[in-house]
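Notes follow the structure.
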Amino acid sequence: MYHQAKLENGLRIITCSTPQTRSVSIIFYIGAGARYESDSEAGVSHFIEHLCFKGTQKRRTSKEISEAIEGVGGIINGGTDKEITTFWCRVASQHFDLALDVLVDLLLNPRFDANDIGRERQVIIEEINMSLDSPRQRVEMLIDELLWPGQPLGRDIAGNKETVSAMTRQQILDFFTSRYTPNNTVISIAGQIEDKQVTDAIRKSLGKWKPRDVSTPPPSKDNQKAAKLNIEFRNTEQVHLCLGIPGLSLFHPDRFALDLMSMILGEGMSSRLFTEIREKQGLAYDIHSYTDHLTDTGAVIVHAGVDLQRLEEALKAILFQVAKLKEGIGQNELKKAQEMAKGRLLIGLENSRNVAAWFGAQAILTNQILTADDVIEIIEATTLDDLKRVANQVLVQEKLNLAIVGPVEKQEPIASLLKLYNRFAKRESRP
């Protein structure tokens, strides 16, 4: 059960009381992220998230901010994604007022001190360097570039060294002012709290926060007509690869069917990819799949690390398993995926932070809220025909994208393998 309220300035509040817990989690969701940035602003959302923790008028240093929460055994952090920025705190329920005060202070009163900006600029550049040095992280950047070429969604959330180095304090302030508004914010709270107590406290703290008009980003584009490949040579022990295919948005009614398909394909040690690629063929240590849903687009991605000498063999085996989904899925596999999805959901919602995230993320991104029971009903109603229909709709050869980081020097042999292999192809081609 949850309760929604909306203040006169457009600020939305979602509360979910879980009396059986002794903690409370508060998450502020801001409609700010990579997709709202111009080319010259790339990374500004992430930069702002960092700077909010550097000091406020009330708590002048990052140490004062962290000590306020850690001093009562709590946890505080933030995060930036493609479409949202979050600031969150989890504390014992008796410290709710303190946690709310600290988070409100971060968002309303950040100093954006010039010296802090200079220091944090170098911190973020080192964060970018760390990601670039990691083949596992770098290949995930490359697959985004292939899926959303020339678009903000295809950029690294942290931006790049050039934009971060050139970012001015005025750019930061302008972006902060344009997107950190009450009508572009959702506060989601879960734990041992009372709805009215929470709403009254937030109204007292944020009721005078002034709303502003907020711009909407251009829609994502998908003009892909043929399979694409991007190889970045690295002298590494392993070849890291990501196979990506455009998927479904958060609003698409088939997105839950696609999630079930991904579970069958490569989520968990009993999935098709893990069983076939690792256990039976010994081609990889780590191999898995996942789905990504955004407000108007999405993706299905397979990630693996393989030996250079067996790269072609592994790629063919992966593509064969992807293509095999279009031939059909067994009833037992569907049942297992359904139980896996329901179990993951229910276990995850035993944590107050996950409960707050469940409601808050839906509210800021879709303005629609499905309860756990709603989702379970959708999962249980999904049929084998649904999965086959979605597989044939999404898993299209012309939409294949392959990113590789490793000691691969020639593109042509790999490019020729980008096909969805059909085990019946030879038989069907006979006269």
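The values are calculated or read from the model by the stated rules, or taken from the named source; none is laboratory data. Everything numeric here is computed off the predicted structure, so don't read it as measured data. A quick note on method: Cβ atoms are made from the backbone with ideal geometry, for glycine too, and the neighbour counts reach across all protein chains shown.
A few remarks follow.
- Qualifying residue in segment 45-64 (condition: aromatic (Phe, Trp, Tyr), in contact (Cβ under 8 Å) with a residue 24 or more places away in the chain and within 21 Å of Ser205 (Cβ to Cβ)): yes
- Search result, residues across segment 1-28 that are without any contact (Cβ under 8 Å) to a residue 24 or more places away in the chain and more than 19 Å from Ala372 (Cα to Cα): Lys6
- Ser220 over 18 Å from Ile143 (Cβ atoms) and either in a loop (DSSP other than H, G, I, E, B) or touching an Asp or Glu at 6+ places or on another chain (Cβ under 8 Å) (or both): no
- Residue within segment 179-192 that is surrounded by 18 or more Cβ atoms within 10 Å (Cβ to Cβ), in contact (Cβ under 8 Å) with a residue 12 or more places away in the chain, touching a helix residue (DSSP H, G or I) at 6+ places or on another chain (Cβ under 7 Å) and in a helix (DSSP H, G or I) present: yes
- Matching residues in segment 223-258 - criterion: being under 22 Å from the mean Cα position of the chain (by Cα), in a loop (DSSP other than H, G, I, E, B) and either of a type in the set (A, V, I, L, M, F, W, C) or surrounded by 13 or more Cβ atoms within 10 Å (Cβ to Cβ) (or both): Gly247, Leu248, Ser249, Leu250, Phe251, His252, Asp254
- Residue that is nearest to Trp88 (Cα to Cα) [pool: residues in segment 345-358 that are surrounded by fewer than 20 Cβ atoms within 10 Å (Cβ to Cβ), under 17 Å from the mean Cα position of the chain (by Cα) and not polar (S, T, N, Q)]: Gly348
- When segment 67-118 is filtered for residues that are in a helix (DSSP H, G or I), of a type in the set (D, E, K, R) and in contact (Cβ under 8 Å) with a residue 60 or more places away in the chain, the ones remaining, listed by number, are Asp97, Asp101, Asp116.
- Tabulated pairs, segment 375-387, first free of Cβ contacts under 8 Å to residues at least 40 places away in the same chain, second surrounded by 15 or more Cβ atoms within 10 Å (Cβ to Cβ), C-beta under 6 angstrom, 6+ apart or interchain: Ile376/Lys342
- Residue match in segment 269-288 (condition: surrounded by 21 or more Cβ atoms within 10 Å (Cβ to Cβ), at pLDDT 95 or above and of a type in the set (Asp, Glu)): no
- Flag if Ile65 is surrounded by fewer than 21 Cβ atoms within 10 Å (Cβ to Cβ), in contact with a Leu (Cβ under 8 Å, 6 or more places away or on another chain) and not assigned by TED's automatic domain parsing to the domain that holds Glu350: no
- Residue in segment 159-168 that is in contact with a Phe, Trp or Tyr (Cβ under 8 Å, 6 or more places away or on another chain) and either assigned by TED's automatic domain parsing to the domain that holds His303 or under 18 Å from Phe87 (Cα atoms) (or both) present: no
- Matching residues in segment 12-31 - criterion: being under 12 Å from Phe87 (Cβ atoms) and not hydroxyl-bearing (Ser, Thr, Tyr): Ile26, Ile27, Phe28, Ile30
- Looking at Ala361, Ala415, just one residue is crowded, with 19+ Cβ neighbours inside 10 Å, of a type in the set (Gly, Ala, Ser) and touching a strand residue (DSSP E or B) at 6+ places or on another chain (Cβ under 9 Å), and that residue is Ala361.
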